[in-house]
Structures are given as structure tokens and as C-alpha cells.
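Reviewing the structure listed below.
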Amino acid sequence: NSVSVMKELKEYAETKGIKIVEATIMNSSEIQQAAQSLVGKVDAVFSPIDNTVATAMPTIVDVLNKAKLPYYVAADSMVADGGLATDGVNYVALGKATGTMAAKVLNGADTATIPVQVMSDTQIYINKKTAEEIGLKIPAEILEKATDLSE
């Protein structure tokens, strides 16, 4: 999953003139070193949804917050764990859509005839505590729309 997300990110970044610097990992023991390798080389960090990364959020957040680097993540749970922000899937809407599809199947619909759905209902999630720690002021227009997941 991370590979496909990074491919799309690189394509998007190229159209915007944004340079991507990658730090890849194979296991959780490489997380701290990967995060530290980005310090001084980047203006912000992004992580796609990745279970290995998600389990090491405290380590990543510690390194990046000390460096005052904004850390954008791909899941609301990662924002709750210290990431700065995401514009991600609204899991309530996802649950409703999944329930509707499940009801169709339970009522006899052929799964081959049910169209694939792509979630377009996203929500902005922020962590005000992280923003304060790195000295970042979140604009009022974003605060009005966002859900704060800081503790």
C-alpha cells in the first residue's frame, strides 16, 4: 500500500515542483534512523498508512518535533498519536457505505454487479498539541473545519 501511495505522491509533487526525499524502512528498528536522516534535508515529512510506521509513532514524533518539522500522516489514528494533520477518510462515512454494500449482498445482490466505491468524504484532522510543540500556527479557516485529536 505504501508503494502505491508514494508513487502517486511523487507524480503529484512533480506537477507542483515539490522535491521528494525518501527514507525507507524494512522494519521498526530502522524508524528512528530514517526519521533522523530527514532532519535538515526537508521542510516537512509525510507518511502513508503503514502498520510498521504506525506502531513507531512515538519515536517518529519525538525526532520530528524536536527538529520542529511538520509531520503529515495518512490516518486520523496517526494524528491522535502525535502526527500534525491529515485530510483523511471519514470513518463514519466509510462505515455507512460499507454497511449499505453489505446489506445489498445480504439481500441477494450479486457482488459482481455492485460498483466499486471510492471514498470522497474526507475530514481534516489536526493535533493542536503537536502544532504548539513545533511552533506552528494553524490558520483559523482550517481550525474551523478540523477535528482536533490532541490529547
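Each reported figure results from applying straightforward, stated rules to the coordinates on display, with no laboratory input. Everything numeric here is computed off the predicted structure, so don't read it as measured data. With ideal geometry, Cβ positions are generated from the backbone for all residues, glycine too; neighbour counts draw on all protein chains shown.
Taking only complete DSSP H runs, can you tell me which helices of the chain stretch 15 Å or more along their own long axis by Cα positions and average at least -1.0 on the Kyte-Doolittle scale? Intermediate results must be reported in sequence, preceding the final value.
Details: long enough: 2-16 (21 Å, -0.66); 91-106 (22 Å, 0.86).
Those that pass (Cα extent of 15 Å or more, hydropathy at least -1.0) are 2-16, 91-106.
Placing +1 on the Cβ of every Lys and Arg and -1 on the Cβ of every Asp and Glu, with no other charges, gives the chain a dipole of roughly 160 debye about its Cα centre. Lysine pairs in the chain whose alpha-carbon atoms fall under 18 angstrom of each other, counting only those eight or more residues apart or on distinct chains, come to 19. Per residue of the chain, the DSSP helices (runs of n ≥ 4 H) give a summed -39500 (n - 2.57) that works out to -13500 deg cm²/dmol at 222 nm. Here's the picture: a label point sits 7 Å out from the Cα of Thr55 along the beta-carbon direction, and within region 22-39 the residues with their amide nitrogen under 18 Å of it are 24-35.
Distance between the modelled labels on Thr100 and Gln33, one decimal in nanometres: 4.8 nm (7 Å Cα→Cβ projection). Between the exposed loop cleavage positions of the chain, defined as trypsin sites (Lys or Arg not before Pro) in a non-H, G, I, E, B DSSP state with at most 12 neighbouring beta-carbon atoms within 10 angstrom, the longest gap is 69-136.
Going toward the positive end of the dipole of the chain, with +1 on Lys and Arg Cβ and -1 on Asp and Glu Cβ, which of Ile138, Thr100, Val116 do you reach last? Of the options given, the answer is Ile138. For region 1-104, the list of GluC sites (Glu not before Pro) that fall in a loop by DSSP and count at most 11 other C-beta atoms within 10 angstrom reads Glu22. Please report the relative contact order for the chain, taking Cα pairs under 8 Å with a sequence separation of at least 6, and give it as a percent rounded to a whole number. Across the chain, relative contact order equals 19 percent. Net charge near Ala54: determine it from the other residues with C-beta under 12 Å of the C-beta of Ala54, scoring Lys and Arg +1 and Asp and Glu -1. The answer is -3. As a rough footprinting exposure proxy, the listed residues Asp121, Asp50, Asp110, Asp87 were ranked by other beta carbons within 10 Å of their own, and the order from fewest upward is Asp110, Asp121, Asp87, Asp50.
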